[in-house]
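Below: the structure, in structure tokens.
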Amino acid sequence: MSDSETRLRLGLIEGDGIGPEVVRATRAVVDDAFQVVGLDPIEWVTLPIGHTAIAEFGDPMPEQTLKTLEGLDAWIMGPHDSASYAPEHRTGLPPAGAVRKRFDLFANIRWARAHEGVRAVAPDMDLIIVRENSEGLYADRNMHGGSGEFSPTSDVALAVGVFTRTAIERIAHQAFKIATRRRKKVTIVHKANVLPRTMGLFRDVCYEVAEEYPDVEVNDEHVDAMAALLVRTPADFDVIVTENLFGDILSDLAGELSGSIGMAASLNSSDSQAMAQAVHGAAPMIAGHNRANPMALQLSAVGMLRWLGTRDSHSALYRAADRIEHAIADTLRAGVATSDLGGLASTTEFTEQVRARLHRW
Ligand code: ATP
């Protein structure tokens, strides 16, 4: 898409629990930002998953939804509450996992950034974790058939970790490309001292890829040391590239250090498609109360717009993303926050404040 062709067709999946509330709040700010920067309105394609899909199609992840996603470049996906589905609907992969696998969304990019106005253990944290999303120690992803976790006897359980050069190369390229647009530093996180073949391959292939990005500084850390360093010297880190399990753990740690889970944004992407998805779950306890923090999904949408902007060299998409990010930061700075951050604003009040500030910057 060039700067002159601005009509985008994007998916919108509300999901379960607080999903409908945060997805609508996200759509509202994205629509406004498009208008403010002069882009044509988005054509949203609304798709069901979770309880709505069970009611309509008898399946939490209907084939119709997957088929429609096939034809879309990007979509916003609300959380699902798989634990609340009837047993017959809990047999396959949960909806988000099914989408990640079907479309080979191999990169899980998770931001952790402190915001003025929000108390944070690490107020100077501003980093991105680039997590390999398709193999590693995740049993549901690393086999062609069956699971990578099994029990030869009732007292013995085994888990298979899969590490391939192809998957490591593509995630490393993602990390270095992102770093070239930021502070130009990548930290490779592994545990090659105890898993020299698997984690050693991960580290070594990342270093090989690093040679193609001479402007980016690179170093590596063992995951245990990294956990301590994130607390001790968070400002030292810009982009962290790591395998699936470590990325999952470190991104929750970084998210909490930089604020709260209600702020933690993420993007799942391949080279051709991207899914904006908050790190948090469906939070059923607060669903329907207009209390959910919509920031995580709004910032995930910012990531999606930048991903589209980079892919299509489309500067207006970047401008829309920048506007949303600034409006959110400005809202927090003004002391407006939802209850998870100690504030009094409802989901809709916070969103209205963000929308008002989109026009001011
Ligand atoms: P999942 O396994 O699907 O990630 P979970 O049960 O581990 O789900 P969440 O649903 O993310 O976790 O909820 C964890 C806690 O964080 C709950 O107390 C929930 O109310 C709170 N929480 C999560 N997301 C938000 C949000 N957007 N705004 C406010 N509070 C939230």
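Quick note: the coordinates plus some simple rules give every number you see, no bench work behind them. All of these numbers come straight from a predicted model, not from anything done at the bench. Virtual Cβ from ideal backbone geometry, glycine too; neighbours counted across all protein chains shown.
Brief remarks on what is shown
- Choice from Glu211, Glu221, Glu132 with maximal GNM fluctuation in the chain (Cα, 10 Å cutoff): Glu211
- Stretchable slack from Ala356 to Val45, in nm (0.36 nm times residue separation minus alpha-carbon distance): 109.4 nm
- Computed lengthening from Glu149 to Glu256, 0.36 nm per intervening residue step minus Cα-Cα distance: 35.6 nm
- Among Ala55, Ala345, Ala107, the residue with the largest mean-square fluctuation in a Gaussian network model of the chain, with springs joining Cα atoms closer than 10 Å, is Ala55.
- Packing around the peptides 249-260, 9-20, taken as the average count of other Cβ atoms within 10 Å per residue, puts them in this order, highest first: 9-20, 249-260.
- Pairs of Lys residues in the chain are counted when their Cα atoms are under 28 angstrom apart and they lie 8 or more places apart or on different chains; the count is 5.
- Computed 3J(HN,Hα) for the range 56-66, one whole-Hz value per residue from the Karplus formula 6.51 cos²θ - 1.76 cosθ + 1.60 where θ = phi - 60°, is 8, 10, x, 7, x, 10, x, 4, 4, 5, 4, glycine and proline marked x.
- Stretched out straight at 0.36 nm per residue, the stretch from Ala235 to Asp312 would grow longer than its current Cα-Cα span by 24.6 nm.
- Inter-label distance for Glu208 and Glu349, nm, one decimal - labels placed 7 Å from Cα along Cα-to-Cβ: 5.6 nm
- Derived scalar couplings ³J(HN,Hα) [the range 276-291; Karplus, 6.51 cos²θ - 1.76 cosθ + 1.60; whole Hz; x for Gly, Pro]: 7, 8, 5, 6, 6, x, 7, 6, x, 4, 10, 4, x, 9, 6, 10
- Couplings for the range 326-332, taken from phi via the Karplus curve 6.51 cos²θ - 1.76 cosθ + 1.60 with θ = phi - 60°, read 5, 5, 5, 4, 5, 4, 5 Hz in order; Gly and Pro are left as x.
- Taking Cα centre as origin and charging only the Cβ of basic (Lys, Arg, +1) and acidic (Asp, Glu, -1) residues, the dipole magnitude of the range 196-325 rounds to 800 debye.
- Efficiency of FRET between Leu195 and Leu93 - r from beta-carbon atoms, R0 25 angstrom, step 0.05: 0.45
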